[in-house]
Amino acid sequence: MASLFIPHNSSDRDAAEYLGKRLRAEGFAALFLLFDPDQGIPAGRNWGRELYPHLRKTDAVIFLASAALVTSRWCVVEVSLTRSLGKPVFPLRLNDDARLELLDDAQWVDLAVGER
C-alpha cells in the first residue's frame, strides 16, 4: 500500500486522528502524522530535519486543510516540496475559508458540510 503524509494544524488534531484511523482500517499502514508516537516526530527532535525526509519518501500527501493550516508557513513548504518531487496532493477542506492558492489547480474534497 501507499505511504501517506497528512499535514494538519494542531487545532485539527481530532480530524487528523479520525482520518488516520479510517485510513489504517482500509489497510494504509504507512501514515505519517506528526503526533503519532510510532510514525511521527518524537519529542525533542528537530522538526524541520525530521519533516523533509518523510515528505521525500511518501507516495502522496493528504492535505487536511483548515483556515489555520493554510496560514502556516510550513503548509506552503510541505505542499511545495511535495509538488516539486512530482507527488500527488489530495486536498480535503475542513472549513469553508480554507484555501491555498498553490492548490487552486487541484480538485478539492469539501468536508465543510454544515458550515454553510
### Query
Restricting attention to the range 58-66, does a residue exist that is over 14 Å from the mean Cα position of the chain (by Cα) and loosely packed, with under 15 Cβ neighbours inside 10 Å?
no
### Query
So, in the range 72-98, of the ones that are more than 14 Å from the chain's Cα centre (by Cα) and in a loop (DSSP other than H, G, I, E, B), which residue ends up surrounded by the most Cβ atoms within 10 Å (Cβ to Cβ)?
95
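Read-outs: derived from the displayed coordinates by stated rules, not from any lab. Computed from a predicted model, the values in this text were never measured in an experiment. Cβ coordinates were reconstructed from backbone atoms using ideal geometry, including for glycine residues, and neighbour counts include every protein chain displayed.
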